[in-house]
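Reviewing the structure listed below.
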Amino acid sequence: MIEQFLNPFVNNRKDEYGGSIENRSRFLLETIDALIEAVGHEKTAIRLTPYGGLGDLPHYDEIEATYQYLAKELNKRNLAYLHLMDQQSKGSHALPDGFLERFRTWYDGVIILAGSMNREKSEQLIQAGTIDIAGFGEPFISNPDLVERLENNWELTPPDRNLHYGLGNHGYTDWKTYKELEIA
């Protein structure tokens, strides 16, 4: 819902929640401010999906300017973390080259990045100071021993998206560890 407010193709409001970058960002910032007031900044975080296109959200000319504005505003709020999602792994648009590095110059707090993550990419981004934490979501489903695999540079079992959201345990709890696959 928040991404819909940010997108001028979807948000065609004429009031204080539409029109400019600042107005389209108002709902997100008011929501964050209300959460901070309720639970404190140290327990408040947000996940954003710059350049995401899931749900047929179209790209717009002001994407980078919008996220620059948001980064600077969220930076003032001293959040627990800001979680960015790269939707390339979901079949959508990847974050453009250089976007993460520019985002880091706008936002000083903890940045988590998820999506299309692997060991090499995560190490490179963390060592460069571009992100603080690499998020591995989908690889954990098919690799119950993901941490051990990453530590040992063992091959990862690719996930099977046909099994996701299948309303059963198959595809969630029956993946083999690397050592179990070696024995088989």
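A search for C-beta distances below 7 Å between a residue of the range 120-144 that is in contact (Cβ under 8 Å) with a residue 12 or more places away in the chain and any residue that is outside any helix (DSSP H, G or I) and small (G, A, S), counting only pairs 6+ apart in sequence or on different chains, returns S122/A134; L125/A134; G135/A114; G137/A114. Might you check whether a residue that is among the hydrophobic types (A, V, I, L, M, F, W, C) and in contact with a Leu (Cβ under 9 Å, 6 or more places away or on another chain) occurs anywhere in the range 86-94? No, the range 86-94 contains no residue that is among the hydrophobic types (A, V, I, L, M, F, W, C) and in contact with a Leu (Cβ under 9 Å, 6 or more places away or on another chain).
G137 falls short on exactly one of the conditions (1) out of contact with any strand residue (DSSP E or B) (no Cβ under 9 Å at 6 or more places or on another chain); (2) at pLDDT below 90, and that condition is (1).
Only one entry of A34, A45 meets the criterion of being among the aliphatic types (A, V, I, L, M) and over 16 Å from L84 (Cα atoms), and that entry is A34. Annotation note: Cβ proximity below 9 Å between a residue of the range 160-184 that is open to solvent by 80 Å² or more (accessible area, probe 1.4 Å) and at pLDDT below 80 and a residue that is among the basic types (K, R) and not in a helix (DSSP H, G or I) (sequence gap 6+ or interchain) occurs for A184/K176.
Looking at the range 79-92, is at least one residue modelled with pLDDT of 90 or more and aromatic (F, W, Y)? Walk me through how you get there before you give the answer.
First, pick out the residues of the range 79-92 that are modelled with pLDDT of 90 or more: 79-85.
Retained after the next criterion (residues that are aromatic (F, W, Y)): 81.
Yes, the range 79-92 contains at least one residue that is modelled with pLDDT of 90 or more and aromatic (F, W, Y).
Within the range 38-85, the set of residues being of a type in the set (S, T, Y), free of Cβ contacts under 8 Å to residues at least 60 places away in the same chain and not in a loop (DSSP other than H, G, I, E, B) comprises Y67, Y69, Y81. Among the residues making up the range 8-42, those that are of a type in the set (A, V, I, L, M) and within 18 Å of P58 (Cβ to Cβ) are V10, I21.
One line per residue, one yes/no per condition, for (1) touching a helix residue (DSSP H, G or I) at 6+ places or on another chain (Cβ under 7 Å); (2) aliphatic (A, V, I, L, M); (3) open to solvent by less than 50 Å² (accessible area, probe 1.4 Å):
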| position | (1), (2), (3) |
| --- | --- |
| R24 | yes, no, yes |
| L28 | yes, yes, yes |
| H41 | no, no, no |
| Y51 | yes, no, yes |
| Q68 | yes, no, no |
| N78 | yes, no, no |
| L82 | yes, yes, yes |
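The values are calculated or read from the model by the stated rules, or taken from the named source; none is laboratory data. Please read all numbers here as calculations on a predicted model, not as lab measurements. Neighbour counts run over all protein chains shown; Cβ positions are idealised from the backbone, glycine included. Ligands, DNA and RNA are excluded from the accessible area calculation, which covers all protein heavy atoms including side chains. Shrake-Rupley method; radii C 1.70, N 1.55, O 1.52, S 1.80 Å.
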